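Undergrad: Okay, here's the structure, questions in a sec.
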Amino acid sequence: MAWVQRIRRWAPVAALSSELVRFDMQAFEKPEIAGVEYQQGTLAGYEVREYLLDKWGRVCAYCDKRDTPLQIEHIVAKTRDGSNRVSNLTLACAPCNQKKNALPVEVFMAKDPKRLARILTQAKRPLKDAAAVNATRWTLANALRATGLPVELASGGRTKFNRSRLAVPKTHALDAACVGALDAVSDWRKPTLTVKCAGRGSYQRTRLDQYGFPRGYLTREKRVHGFQTGDLVRAEVPNGKKAGTHVGRVAVRASGSFNIQSADKVVQGIAHRRCQLIQRSDGYGYSRIDTPEGGVAGTGTASRSAPSLPGLKAEVSRATG
């Protein structure tokens, strides 16, 4: 919510869209009670896939292959009376899925008993993680509604469905652009600003060696010559081995000789008088990430066409940066 308020100060936000992550555990465990198979219904299939991706760590259960299309696999094949319950489903790459076919998993994994035991244990893992998400999902939704802006809530499966349908690569920023009901996403290929919680420092007053004994002591004052570890600075070094312009996060030292962490390296021993403050440390780390190739080409702000809401224009523009 702190970032919602920040963005509202920077840009004219007309509406909010958020994933209301929820899982129908009854349908996961007993899909037969409603007479609906897990793969029936486009969005229903995406909801199950999203849950399985999270449960199995987005890797093939049989070979640990990642970054490849994964298929829903019945641990006990349907031809052997295997059910569609989520406890009988896992993820497999296409070669493993075809190789296993209708074999009993005990036969298919006979040469790897440790992996077999792990698969069987993981498959029976209770849905306590989904229950926790279900219990707390409304906290953010209610906080967003308290802003007075129109709020659209959608599931993670809907986001993935939109992203797949529109051939948009998966990034956090593009996922945000694909939340909810929309017809198209365009002009999205641009670097995005990624913000992560980095903390404001440590309460620890000493470093420890490998045996747990104190190794030196940290300064009591967090700021040295007006700078604090985590501040974004620009250092102009006119000559010497470190000559040039260095921009990055600074690590202060009581001696006044600082280290600067740039995007690709650490420059050590920069005098404090060479440093110019750009941004104070605020507990967040900032970096720019290039958008991966794929999907629709374009530049500028990600925009999406969505259904009209009361008091809301049909065209909703979302900044992905």
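The values are calculated or read from the model by the stated rules, or taken from the named source; none is laboratory data. Everything quoted here is computed from the prediction, not taken from an experiment. Heads up, the Cβs are rebuilt from the backbone with ideal geometry, glycines too, and the neighbour counts pull from every protein chain shown.
Undergrad: Do the conditions hold for VAL233, that is, is it part of a strand (DSSP E or B) and not aromatic (Phe, Trp, Tyr)?
TA: Yes; evaluated as a whole, the condition is true for this residue.
Undergrad: Which ones in the range 82-117 are crowded, with 18+ Cβ neighbours inside 10 Å, under 18 Å from ARG49 (Cα atoms) and of a type in the set (A, V, I, L, M, F, W, C)?
TA: VAL86, LEU89, LEU91, ALA92, CYS93, CYS96
Undergrad: Which condition number does GLU152 fail, the rest of (1) under 26 Å from SER18 (Cα atoms); (2) out of contact with any Gly (no Cβ under 8 Å at 6 or more places or on another chain) being met?
TA: That leaves (2) as the condition not met.
Undergrad: OK, next. Looking at the range 198-213, can you tell me whether even one residue there is without any contact (Cβ under 8 Å) to a residue 40 or more places away in the chain, of a type outside the set (Lys, Arg), surrounded by fewer than 12 Cβ atoms within 10 Å (Cβ to Cβ) and assigned to a strand (DSSP E or B)?
TA: Among the residues of the range 198-213, at least one is without any contact (Cβ under 8 Å) to a residue 40 or more places away in the chain, of a type outside the set (Lys, Arg), surrounded by fewer than 12 Cβ atoms within 10 Å (Cβ to Cβ) and assigned to a strand (DSSP E or B), which makes the answer yes.
Undergrad: To continue, here is another question. Do you know which of the residues in the range 236-266 that are assigned to a strand (DSSP E or B) and more than 30 Å from the chain's Cα centre (by Cα) is nearest to ALA198 (Cα to Cα)?
TA: This residue is PHE258.
Undergrad: What's the number of the condition THR229 fails, among (1) modelled with pLDDT of 90 or more; (2) surrounded by 11 or more Cβ atoms within 10 Å (Cβ to Cβ)?
TA: Of everything listed in (1) modelled with pLDDT of 90 or more; (2) surrounded by 11 or more Cβ atoms within 10 Å (Cβ to Cβ), THR229 misses just condition (1).
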